[in-house]
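Remarks on the structure that follows.
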Amino acid sequence: MTYQETLDWMFVQLPMYQNLGSVAYKADLSNALLLADHLGNPERKLKTIHIAGTNGKGSTSSLIASVLQEAGYKVGLYTSPHLKDFRERIKINGEVISEDYVCSFIAENKEFFENHQLSFFEMTVGMALEYFNKEEVDVAVIEVGMGGRLDATNIITPLLSVITNIGKDHTAFLGTSLAEIAGEKAGIIKSGVPVIIGEYTTETREVFVGKASREQAPIYFASDTFSDQDLISDLKGDYQEKNIRTARQAIALLREHFSITEQQEEEGLLHVVQNTGLAGRWQILQQTPKVIADTAHNPHGLSIVMAQLARERYKKLYMVLGFVKDKDLDEILPLLPKDAKYLFAKPEVARGLDADELRDAAALYGLEGDACGSVTEAYAKALQEASALDVIYVGGSTFVVSEIL
């Protein structure tokens, strides 16, 4: 199969949570372990760093990978979801996996995938681990897909575990209270393996301390130990301040395994986008009018982003907005600015929320605007109407951002 045919098979033949939602979710590690065994257990031959959390996983993973790259190491980076191309999920020193490797991996293992009905995510995790092992990376930074305890990435035993924060998202699978969600994320804490907590509440701290104690895992709270951190990054969202603290705590512990100077740490934090290709985090697409794209998509993330947006200076604010169906709009819509012109759109995925439905729900919260036929149409309309002194915000979903990048 060609690369495009391979992608078509991956996306259509196998369930993919990114597009379909709950029908593609598999809360079980048996298939991930089965695939790892089939591949010769590449996860046992890799040095890894495991990163979970409600928000900031991708940024924190990229911050850590960038510093390790500046220190001269060959660094694998596995993240999800992708924005434009599936291959963004699997990188080595910022370079995406080759089309040839994707094709050959699927071709060689296609019968196994079909016989055991592996999910899209399970298959992709296996691909990443085997690729990193074959390419002999020095270390691989592995981002959890969802949750932690039953996520397919949780077959690894890392040098270090990181949990960025806890917010309410994917509550149908992870629980409705912060303690329940923290319990699922804490599932990545392994026996004797140090764990870093980026942010915590009284409720979640108790969960993390309890799990770490049972596993005899040293626990570090980055918001306490790096509360006065003063290094800067090329990642400019307000929320990155907390991610930088978490990444710096990780680097401090990783110095037990890798040689990383203070200068290399500073350079790594300053060149995250260049080193890793991270996109969609308070990304300024143009200045006149100013266009800001951000993938924040749940109350925890959006509350921070909206506070930052409120500090922007503009004559008029345009909001190009779309969500997926499983989001709690009653939690999200009150966070959004009322003094804006909204252009609602459905992301081009099966999970996408209908634009008319979103418009009607938003109107109940005083958010006025138009339902558009597509994200690209909504964005084009905003660009057409906006003056040089206006600001356009594009977000609500990773999928909305991906369509305009």
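Can we say Pro81 is surrounded by fewer than 21 Cβ atoms within 10 Å (Cβ to Cβ) and either modelled with pLDDT under 95 or not assigned by TED's automatic domain parsing to the domain that holds Thr201 (or both)?
Criteria met by Pro81.
Yes/no matrix, rows are residues, columns are (1) surrounded by 20 or more Cβ atoms within 10 Å (Cβ to Cβ); (2) more than 26 Å from Leu302 (Cα to Cα):
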{"position": "Cys103", "(1), (2)": "no, yes"}
{"position": "Ala107", "(1), (2)": "no, yes"}
{"position": "Gly126", "(1), (2)": "yes, yes"}
{"position": "Leu129", "(1), (2)": "yes, yes"}
{"position": "Ala140", "(1), (2)": "yes, yes"}
{"position": "Glu180", "(1), (2)": "no, no"}
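Condition (residue is out of contact with any Leu (no Cβ under 6 Å at 6 or more places or on another chain) and modelled with pLDDT under 95) applied to the stretch 125-147: is it met by at least one residue?
Within the stretch 125-147 (the criterion being out of contact with any Leu (no Cβ under 6 Å at 6 or more places or on another chain) and modelled with pLDDT under 95), the answer is yes, since at least one residue qualifies.
From the list Lys185, Lys190, Lys211, exactly one residue is among the basic types (Lys, Arg) and assigned to a loop (DSSP other than H, G, I, E, B). Which is it?
The unique qualifying residue is Lys190.
Hey, any hits in the stretch 89-100 for a residue that's over 30 Å from Phe258 (Cβ atoms) and not in a loop (DSSP other than H, G, I, E, B)?
Checked the stretch 89-100: at least one residue is over 30 Å from Phe258 (Cβ atoms) and not in a loop (DSSP other than H, G, I, E, B).
Which pairs turn up if I take residues in the stretch 296-307 that are touching a residue at least 24 places away in the same chain (Cβ under 8 Å) and of a type in the set (Ser, Thr, Tyr) and look for partners that are part of a helix (DSSP H, G or I) and surrounded by 21 or more Cβ atoms within 10 Å (Cβ to Cβ) with beta carbon separation below 7 Å, at least 6 apart in sequence or on another chain?
Sorted first by the residue in the stretch 296-307, then by its partner, the list stays empty.
Just a yes or no: is a residue in the stretch 310-325 touching a Ser or Thr at 6+ places or on another chain (Cβ under 8 Å) and free of Cβ contacts under 8 Å to residues at least 40 places away in the same chain?
no
In the set Leu335, Leu367, Leu353, which member is under 12 Å from Leu321 (Cα atoms) and under 26 Å from the mean Cα position of the chain (by Cα)?
Working: Leu335 fails: under 12 Å from Leu321 (Cα atoms); Leu367 fails: under 26 Å from the mean Cα position of the chain (by Cα).
That would be Leu353, the only listed residue that is under 12 Å from Leu321 (Cα atoms) and under 26 Å from the mean Cα position of the chain (by Cα).
Being in contact with a helix residue (DSSP H, G or I) (Cβ under 6 Å, 6 or more places away or on another chain), of a type in the set (Gly, Ala, Ser), surrounded by 21 or more Cβ atoms within 10 Å (Cβ to Cβ) and closer than 19 Å to Leu178 by Cβ is the filter here; which residues of the stretch 285-340 pass it?
Scanning the stretch 285-340 gives a single hit, Ala296.
Asn298 - would you say it is in the same structural domain as Ala362 (by TED's automatic domain parsing), polar (S, T, N, Q) and closer than 21 Å to Asn55 by Cβ?
So Asn298 fits the description; yes.
When you scan the stretch 254-284, how many residues do you find that are surrounded by 11 or more Cβ atoms within 10 Å (Cβ to Cβ) and either small (Gly, Ala, Ser) or on the phi > 0 side of the Ramachandran plot (or both)?
Qualifying residue count, the stretch 254-284: 5.
Scan the stretch 198-210 residue by residue and report those that are closer than 10 Å to Ala186 by Cα and buried (at least 21 other Cβ atoms within 10 Å of the Cβ).
Thr204, Val207, Phe208 - these are the residues of the stretch 198-210 that are closer than 10 Å to Ala186 by Cα and buried (at least 21 other Cβ atoms within 10 Å of the Cβ).
Could you give every pair whose Cβ atoms fall below 7 Å, whose first residue belongs to the stretch 245-263 and is closer than 14 Å to Asp138 by Cβ, and whose second residue is among the small types (Gly, Ala, Ser), counting only separations of at least 6 or pairs across chains?
From the stretch 245-263, the pairs are Phe258/Ala71; Ser259/Ala71; Ile260/Ala71.
Within the stretch 1-55, how many residues turn out to be more than 29 Å from Pro194 (Cα to Cα), modelled with pLDDT of 90 or more and of a type in the set (Val, Ile, Thr)?
2
The values are calculated or read from the model by the stated rules, or taken from the named source; none is laboratory data. Just so you know, these numbers come straight off a predicted model, no measurement behind them. Note that each Cβ is placed from the backbone with ideal geometry, even for glycine, and that neighbours are counted across all protein chains shown.
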